[in-house]
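The values are calculated or read from the model by the stated rules, or taken from the named source; none is laboratory data. Source: prediction; values computed, not measured. Reconstructed Cβ throughout: ideal geometry from the backbone, glycine too, with neighbour counts over all protein chains shown. Areas reflect the complete protein model, heavy atoms only, side chains present, ligands, DNA and RNA absent. Shrake-Rupley method; radii C 1.70, N 1.55, O 1.52, S 1.80 Å.
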Amino acid sequence: VVSAPRCYYLALKTACKYAKWISFRIWRPKAKMWSNTECGRYYLCIDGEVFAFKCSTGLLFDIRRQICDRKSEVDNCDVNSELAIPKPLLATDEPICPRNEYACSDGTCLPSELFCDGHPDCFDSSDEGWCDADNDPNAAPRCDYRNCTLPNCFCSVDGTLIPGNMEPNQVPQMVIITFDDAVNSENWDLYSKKLFNKERQNPNGCPLHATFYISHEYNNYQYVQKLWNEGHEISVHSITHRSPESWWTNNATIEDWFDEMVGEANIINRFGGVHMEDIRGLRVPFLRVGWNRQFLMMKEFGFVYDASMAAPFSDPPLWPYTLDYKMPHRCVGTGQRCPSRSFPGIWEMVMNQLEVEEYTCAMVDSCPPYFTEEEVYDMLMHNFKRHFNTNRAPYGLYFHTIWFKKKTNLRAFQRFLDDLTKMPDVWFVNNWEAIQWMQKPTPINQLNQFEPWKCKTQVPPEDKACNIAKACKLQSRDLRGSRYLHTCTECPEVYPWIKNEFGLDI
């Protein structure tokens with residue numbers, strides 16, 4: 001991202017040669033930059049040329065996310081540019097450094113393990129500025145079929161390979177439905193009555209299962225416990241779900257990741273009764289992947305999988321994979337930072353994008369809106385067939401529940417569920433159940449005996465959710481007010497929050 005006074009237009013053209021498709025703002029005095037007129041203007045580099053644009057009325061240009069957004073969501077109107085971090089001297093004609101060392105941009109030699117470890121060691125941070133999978137000198141190697149075998153490792157060069165090299169007609173078409181954010185009275189009827197009722201079943205007569213990524217504020221932990229009792233998977237979506245979006249990618253330390261994700265796992269366990277060993281996965285707020293720091297935290301804590309990375313649109317779609325080797329797709333998103341290192345045994349439940357006419361989208365509610373029930377149904381079925389008629393990679397449908405507020409969407413999705421539950425090759429499973437099938441690929445004609453997909457046995461009394469929850473009205477210094485916590489356990493002393501997940505009055 002670059003900036004300069006308007007009179008230096010030729011300099012901008014030169015900068016565009018090195019920053020194709022990057023948007024920027026022209027330099028202005030800080031006071032003026034905060035005006036709606038100036039903050040809504042931006043310039044786009046396209047093939048070395050500079051083009052002027054203006055956000056729609058009421059919107060401002062977010063220079064970090066490179067989009068126009070509401071004024072309340074843009075906090076960087078005073079920012080004109082970002083300094084480019086120089087590139088380290090990793091590949092030179094003549095060796096600069098001794099073996100097992102690399103050179104900073106000024107030629108200073110440092111041990112190789114210090115490059116892309118999350119901590120700047122070069123004076124100009126050149127050891128941390130070029131750390132994607134293509135530039136990290138310690139990056140994960142490309143897929144090696146000889147040394148990557150199930151159940152603990154799975155990779156393919158282009159991501160489309162079926163586990164176990166099975167024929168598509170022997171593979172169950174898994175449909176994975178996920179929901180992000182709090183579970184509460186706003187969406188409980190949707191989950192318990194309108195979508196996952198007893199009438200809708202998998203081919204073996206067992207209930208449909210989904211995955212819920214829980215964020216803490218306004219969450220009802222009695223409802224979470226009930227979902228877990230019914231066989232749904234409970235996973236983590238952070239305590240605070242804090243803004244700005246870029247914080248998760250650029251600023252969150254390994255300690256921050258522990259506080260947010262392990263902290264929420266502790267809250268779910270303490271107040272929702274979910275066994276800690278059943279909390280296996282996470283999804284990052286805003287899908288802003290946290291580079292290697294996030295996955296170092298996951299490795300330390302024992303998380304099994306991440307479900308935050310969207311892949312470029314692919315036909316056929318991609319199968320999930322483990323992070324033993326280099327990702328089989330590029331990292332999607334402006335400013336996005338996917339892991340570059342090897343994290344053996346951690347699964348990536350990659351998000352295949354949906355095709356909606358000439359558009360693609362990862363979350364269903366981020367797709368262009370359709371207005372009729374028939375159009376929504378056709379979109380869902382079109383993308384289902386892209387999976388079912390090719391390599392049968394799991395078909396993921398990822399939601400925020402606001403999408404269902406529109407009645408045509410809800411009716412179309414209910415019809416979609418009803419039609420697919422009549423198909424003997426289609427199974428609605430959660431992410432962990434999908435991973436278990438991948439670890440032990442089982443043909444369709446043997447799935448009635450596949451243990452991980454059998455009906456859940458009776459819930460032990462000590463794990464069963466209560467019928468009437470405690471509604472704890474608690475004070476929070478961090479949120480500067482009170483919040484309700486609904487739980488089947490005892491009320492904590494204060495509202496649980498980051499660095500105090502058990503709600504102790506300390």
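Could you please let me know if ASN500 is out of contact with any strand residue (DSSP E or B) (no Cβ under 6 Å at 6 or more places or on another chain), closer than 25 Å to HIS232 by Cβ and of a type in the set (S, T, N, Q)? Considered against the rule, which asks whether it is out of contact with any strand residue (DSSP E or B) (no Cβ under 6 Å at 6 or more places or on another chain), closer than 25 Å to HIS232 by Cβ and of a type in the set (S, T, N, Q), ASN500 comes out as no.
Of the residues GLU49, GLU73, GLU94, only one is over 30 Å from TYR321 (Cα atoms), charged (D, E, K, R), touching a helix residue (DSSP H, G or I) at 6+ places or on another chain (Cβ under 9 Å) and open to solvent by 30 Å² or more (accessible area, probe 1.4 Å); which? Before you say what the answer is, go through the steps one by one.
Numbers: GLU73 fails: touching a helix residue (DSSP H, G or I) at 6+ places or on another chain (Cβ under 9 Å); GLU94 fails: touching a helix residue (DSSP H, G or I) at 6+ places or on another chain (Cβ under 9 Å).
Only one candidate qualifies: GLU49.
For the stretch 261-285, filtered to residues that are closer than 20 Å to TYR398 by Cβ and charged (D, E, K, R), the residue that is most open to solvent (accessible area, probe 1.4 Å) is ARG280. The residues of the stretch 340-364 that are within 15 Å of ARG142 (Cβ to Cβ) and crowded, with 20+ Cβ neighbours inside 10 Å amount to a single one, SER340. Number of residues in the stretch 149-166 that are farther than 17 Å from HIS329 by Cβ and either of a type in the set (S, T, N, Q) or assigned to a loop (DSSP other than H, G, I, E, B) (or both): the value is 7.
For first residues located in the stretch 386-401 and under 14 Å from MET438 (Cβ atoms), partners that are open to solvent by 30 Å² or more (accessible area, probe 1.4 Å) and of a type outside the set (A, V, I, L, M, F, W, C) and lie 6+ apart or on another chain with Cβ distances below 7 Å form the pairs ASN391/THR160; ASN391/PRO168; ASN391/PRO316; ARG392/PRO168; ALA393/PRO316.
Where strands (runs of 3 or more DSSP E) fall wholly inside the stretch 425-492, the ranges with 2 or more residues that are touching a helix residue (DSSP H, G or I) at 6+ places or on another chain (Cβ under 8 Å) are 426-428, 481-487. Among the residues of the stretch 400-416, just one is surrounded by 21 or more Cβ atoms within 10 Å (Cβ to Cβ) and within 16 Å of HIS209 (Cα to Cα), namely PHE413. All of (1) over 19 Å from THR178 (Cβ atoms); (2) assigned to a loop (DSSP other than H, G, I, E, B) hold for SER238 with one exception: (1). In the stretch 369-383, the residues that are touching a residue at least 40 places away in the same chain (Cβ under 8 Å) reach residues that are of a type in the set (Val, Ile, Thr) with C-beta atoms within less than 9 angstrom, at least six apart or across chains, in these pairs: GLU373/THR408.
Of the residues ASP132, ASP106, which is open to solvent by 50 Å² or more (accessible area, probe 1.4 Å), at negative phi and in contact (Cβ under 8 Å) with a residue 40 or more places away in the chain?
Values: ASP106 fails: in contact (Cβ under 8 Å) with a residue 40 or more places away in the chain.
Result of the check over ASP132, ASP106: ASP132.
Residues checked against (1) among the β-branched types (Val, Ile, Thr); (2) open to solvent by less than 10 Å² (accessible area, probe 1.4 Å); (3) on the phi > 0 side of the Ramachandran plot:
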site	(1), (2), (3)
ASN292	no, yes, no
LYS299	no, no, no
ALA311	no, yes, no
VAL332	yes, no, no
SER366	no, no, no
GLU375	no, no, no
LYS385	no, no, no
